[in-house]
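Colleague: To start, I am sharing the structure in question, which I have written as structure tokens.
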Amino acid sequence: MPDGEARAAARDECGPRVAKITRAKSIGHTSVVYKIELEGGGTYAWKVNATKVKDRWRGEVAAYRLGRALGIPNVPLACPRSFPRDEVLALLGRPAFDELIASPGDAIEGALIPWIPSLSFLALEKDPLRSEARAWLRDRAKPVPAEKSELAAQISTLVVFDAVAGHWDRYSGGNVGLDATGKQVLFIDNDSTFMSQPPAERMRENMDALARTERFSRSLYSALRALDGDAPLRAALGHGLDGEPLLLPPVVTLVRERLSAVLATIAKKIAERSEADVLVFP
């Protein structure tokens, strides 16, 4: 392989595939996540494969890849990344390491997420925004205020995204962000997605929220239709660290079923009304 190709193969969207952690600080609460700095520069959140959240780091990577395939820029970049076991042990110390880390072998797996500067949070789970957002998306008799149209469109996309990805913990607090401009909604904390046995009641709540939504994005609907199939979905979700598919086949099957159900829900609304009346956002 030519040198240029070798260097390219040693990098991905998050930076070098091989880099040493120089600093690590635990910042997790319900998940196991560290704020780390890498040799040569770069600050990241690293969601670690840990005993109490085994393999949930994969949800962060899968969420980003699904968002990318659907043309959704709101899902933060996340890449699969492992670091040598001895290196992580030296940084964390034996008690923390033994309690938290679940990865077997000589490497510790996780999702590497570039640090988001000036991150703030959007309290969609609380009033007044919760009630306002529901009115924007559910009340067909009232137009969305022009100054709120961009925000409403992003919230509509979030409803669709969570229904497909199976995010069951979005509204527990702190799982919806805003970027430094205060204008782009960030679909953060996606380790509660793409699970093999997601809580059934929460999945029903997601679909109920979708059914109550009356305004959707035209481009998102088109992207969902293009992704509706086993081959395109598997290609979009890609591979993990070991060259094997990132998600197990039964999990991909669940995603495909949810995607098809989302499409059917939106298509039914279009059939009953019209595209112009349902696909009101770009």
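Colleague: Using beta carbons and a limit of 8 Å, which pairs, at least six apart or on different chains, have the first residue in region 220-245 and without any contact (Cβ under 8 Å) to a residue 60 or more places away in the chain and the second one surrounded by 13 or more Cβ atoms within 10 Å (Cβ to Cβ) and of a type in the set (Ser, Thr, Tyr)?
Modeller: Every condition considered, the pairs that remain are Asp228/Ser260.
Colleague: Does Arg204 meet the test of being at pLDDT 95 or above, open to solvent by 30 Å² or more (accessible area, probe 1.4 Å) and among the charged types (D, E, K, R)?
Modeller: When the stated conditions are applied, Arg204 passes them.
Colleague: Quick one: how many residues across region 246-260 are of a type outside the set (Val, Ile, Thr) and touching a residue at least 60 places away in the same chain (Cβ under 8 Å)?
Modeller: Residues meeting the conditions: 5.
Colleague: Moving on to the next point. May I ask you to list pairs of residues, at least six apart or on different chains, whose Cβ atoms are under 7 Å apart, with the first in region 183-212 being of a type in the set (Gly, Ala, Ser) and the second being part of a helix (DSSP H, G or I)?
Modeller: Ser192/Gly59; Ser196/Pro250; Ser196/Val251; Ala209/Val159; Ala211/Thr265
Colleague: Another question about this same structure. Quick one: Arg65 ticks every box in (1) open to solvent by less than 30 Å² (accessible area, probe 1.4 Å); (2) closer than 21 Å to Gly166 by Cβ bar one, so which box is it?
Modeller: Failing condition for Arg65: (1).
Colleague: Condition first: in a helix (DSSP H, G or I) and either open to solvent by 10 Å² or more (accessible area, probe 1.4 Å) or without any contact (Cβ under 8 Å) to a residue 12 or more places away in the chain (or both). Now tell me which residues in region 169-182 satisfy that.
Modeller: Tyr171, Ser172
Colleague: Name the pairs: first residue in region 30-52 and open to solvent by 10 Å² or more (accessible area, probe 1.4 Å) and in a loop (DSSP other than H, G, I, E, B), second residue acidic (Asp, Glu) and at pLDDT 85 or above, Cβ to Cβ under 7 Å, at least 6 apart or on different chains?
Modeller: Final answer for the pair search is Ser31/Asp191.
Colleague: Ok, one more. Restricting attention to region 183-201, and to residues there that are out of contact with any Phe, Trp or Tyr (no Cβ under 7 Å at 6 or more places or on another chain) and loosely packed, with under 14 Cβ neighbours inside 10 Å, which single residue is nearest to Leu246 (Cα to Cα)?
Modeller: This residue is Ser196.
Colleague: Of all residues in region 75-93, count the ones that are over 9 Å from the mean Cα position of the chain (by Cα) and in contact (Cβ under 8 Å) with a residue 24 or more places away in the chain.
Modeller: So the count comes out to 10.
Colleague: Oh, and also: What residue, among those in region 247-282 that are more than 23 Å from Leu151 (Cβ to Cβ), in contact with a helix residue (DSSP H, G or I) (Cβ under 7 Å, 6 or more places away or on another chain) and part of a helix (DSSP H, G or I), is most open to solvent (accessible area, probe 1.4 Å)?
Modeller: Arg256
The values are calculated or read from the model by the stated rules, or taken from the named source; none is laboratory data. Keep in mind the model is a prediction, meaning the values are calculated, not measured. Methodologically, a virtual Cβ is constructed for each residue, glycine included, from the backbone with ideal geometry; neighbour enumeration extends over all protein chains shown. The area values use the complete protein model at the heavy-atom level, side chains included, leaving out ligands, DNA and RNA. Shrake-Rupley method; radii C 1.70, N 1.55, O 1.52, S 1.80 Å.
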